[in-house]
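*Asks:* First the structure, which I've put down as structure tokens, then a few questions once you've had a look.
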């Protein structure tokens, strides 16, 4: 059921996502630079990169087919579609209907599928290895994401069954925190682990390495160039933004004046990016065999939240 | 769900169970069981509705000191003396153990909802029964799936912690004497087990319980 009151403010979450997503990557890099005692690139560097890449031409290997060219475009399109159902601060999402949280999870899945297919299409053994890892880890992250969202939806909206992201988001106020704080806390931590895994941040994957043997996401996009790579970069930034807003919407309760809510939500997302930067500067990548353990832990936290929620 | 202190403690106990199942090192497992003992040691102070009563304070101090401090110290000492390997050598790996731990928790909540309590018994919290059962089952799981003999001692301790939660939750009027008796039993058992493990290690150069079946006179 699509809401009939499509107001202008419902487009704000999408506009924020489109506008601010690359800023998060800049913030993370700036945090890491400060920890390393460097000046670091400008915070807006990702925007410059995007502009530069869009102005270049693309190079395609002769072994690749249309799958390789479709990969970045479908990935970006699916991520953009996912951005339509994610609410932000006091604003509803542009689209909301029952079950859109499942759509959200699987639009991200579709994006991942096409990234992986494009990586396999190149025929490079390294990209195949990265694809295999990406699929394995995201298969483990998916139960954590879905179970966590269901736990929050049940806690927020009750058993009446309005499982949509916007409805659950608007019910997450301070009173719910007093009632079901533990549920929200567990889901917040679980979703944060999912964010680290899905966006290839440090305990799972090191976005800075260019050693094919140790990386996951970066290795899959090695053969893309020019505008295609810009789409991939922008898609990755959007995904980071979307998952960050989800974490923030679970962890930070809604407050009453609209402008304050908006301000707190924005500050929350940017603080989360700084937090990711702090984690990246203060710990090393986990050994590859330990990563599943982290993700299973996240899924278990989500299950625990679901079980606790049923006791309310 | 009013997040009272006792419920927070019970949830923390559940988290320590899961953490223990996901651990690969003996040293950190010992620490985790010690942490669980300390957490449970605080629980008796929170269950009473009519203020602090001195039997509960005695139980709290006793179990905090024994389970949180003495046992970890004694087990670490035994482990050092045996020169045992640092890994817990599980039959079921850490990820699978944690996932099964979550399944155990779900199962215990189901059992807890089916369990008919006498209506006049004041229950500390709805979480108490499920957490007690989950802790018991986690202890059993550790005993069954770890090959290192010291992990069996830890599993036994976790199992006893489950019974402790059960007793505190359901039997407010449980006499101090019974509780102290149980504590003394556990104390002696852990001491004897520690000594036994030490001797096994000295005689056979390992404490792998799978190979203990080969022992003959």
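*Asks:* What share of all Cα pairs of chain A, in percent, falls into each consecutive 20 Å distance bin?
*Replies:* That works out to 33, 59, 8, in percent per bin.
*Asks:* Which FRET efficiency value, to the nearest 0.05, is calculated for residue A:287 and residue B:103 with the Förster distance at 30 angstrom and r the Cβ-Cβ distance?
*Replies:* 0.70
*Asks:* Over all residues in A:296-308, what is the mean tally of Cβ atoms on other chains that come within 10 Å of each residue's Cβ?
*Replies:* The mean count of partner-chain Cβ atoms within 10 Å per residue comes to 6.
*Asks:* Any chance you could list P(r) for segment A:93-182, counting all Cα-Cα pairs in 5 angstrom bins from zero, rounded to whole %?
*Replies:* 3, 13, 19, 17, 14, 11, 9, 7, 5, 3, 1
*Asks:* Next up: Between 0 and 90 degrees, rounded to the nearest ten: what's the tilt of helix B:5-21 against the longest Cα principal axis of chain B?
*Replies:* 20
*Asks:* Can I ask one more? Taking the Cα-to-Cβ direction at residue B:25 and at residue B:77 and moving 7 Å from each Cα, how far apart do the two end points lie in nm?
*Replies:* Placing both labels 7 Å beyond Cα along the Cβ direction yields 2.3 nm.
*Asks:* Calculate the FRET efficiency for residue A:132 and residue B:70 from the Cβ-Cβ distance with a Förster distance of 45 Å, rounded to the nearest 0.05.
*Replies:* Calculated transfer efficiency: 0.40.
*Asks:* Pick out which of A:170, A:293, A:45 has the largest mean-square fluctuation in a Gaussian network model of chain A, springs linking Cα atoms closer than 10 Å.
*Replies:* A:293
*Asks:* Averaged over A:285-293, how many beta carbons belonging to a partner chain fall within 10 Å of each residue's beta carbon?
*Replies:* Other-chain Cβ atoms within 10 Å of each residue's Cβ, averaged: 2.
*Asks:* Write down the Å³ per residue value for the convex hull defined by the alpha carbon atoms of the protein assembly as shown.
*Replies:* That works out to 187 Å³ per residue.
*Asks:* Between residue B:8 and residue B:202, how many nm apart are label points set 7 Å from Cα along the C-beta direction?
*Replies:* Once both label points are built, they end up 4.6 nm from each other.
*Asks:* Taking the Cα-to-Cβ direction at residue B:92 and at residue B:212 and moving 7 Å from each Cα, how far apart do the two end points lie in nm?
*Replies:* Computed distance between label sites residue B:92 and residue B:212 equals 2.0 nm.
*Asks:* Moving on. So if we plug the beta-carbon distance of residue B:188 and residue A:110 into 1/(1 + (r/R0)^6) with R0 = 60 Å, what FRET efficiency do we get, rounded to 0.05?
*Replies:* In this case the efficiency is close to 0.45.
*Asks:* In addition: I need the semi-axes of the equivalent ellipsoid of segment A:1-113: take the C-alpha gyration tensor, multiply each eigenvalue by 5, square-root it, list largest first in whole angstrom.
*Replies:* Working from the Cα gyration tensor, I get semi-axes of 29, 24, 13 Å.
*Asks:* Going by average Cβ neighbours within 10 Å, how do the peptides B:110-116, A:103-109 rank, with the highest at the top?
*Replies:* Top to bottom by mean Cβ count within 10 Å: A:103-109, B:110-116.
*Asks:* If you average 1/r over all unlike Cα pairs in segment A:93-249 and invert the result, what Kirkwood radius do you get in angstrom?
*Replies:* Kirkwood radius, segment A:93-249: 16.7 Å.
*Asks:* For residue B:117 and residue B:53, compute 0.36 nm times the residue count separating them, minus their Cα-Cα distance, and round to one decimal in nm.
*Replies:* Extra length available between residue B:117 and residue B:53 comes to 20.6 nm.
*Asks:* What are the semi-axes of the equivalent ellipsoid of segment B:87-217, taken as the square roots of 5 times the eigenvalues of the Cα gyration tensor, listed largest first and rounded to whole Å?
*Replies:* Over the Cα atoms of segment B:87-217, the ellipsoid semi-axes are 32, 21, 9 Å.
*Asks:* Return A:154, A:239, A:52 ranked ascending by Cβ neighbour count within 10 Å, so the fewest neighbours appear first.
*Replies:* Final ranking by Cβ density, sparse to dense: A:52, A:154, A:239.
*Asks:* Between the helical axis of A:125-157 and the dominant principal axis of chain A, each derived from Cα atoms, what acute angle in degrees is found, rounded to the nearest 10?
*Replies:* 10
*Asks:* Please give the helix A:12-35 orientation as an angle from the longest Cα principal axis of chain A, in degrees from 0 to 90, rounded to the nearest 10.
*Replies:* Result, in degrees: 70.
*Asks:* May I pose another question? Mind checking Rg over Rh on segment A:203-312, alpha carbons, Kirkwood formula for Rh?
*Replies:* Expressed as Rg/Rh, it is 1.04.
FYI, it's all coordinate maths here, none of it is from the lab. Keep in mind the model is a prediction, meaning the values are calculated, not measured. Because the Cβ atoms are built from the backbone with ideal geometry, glycine has one as well, and the counts that use them run over all protein chains shown.
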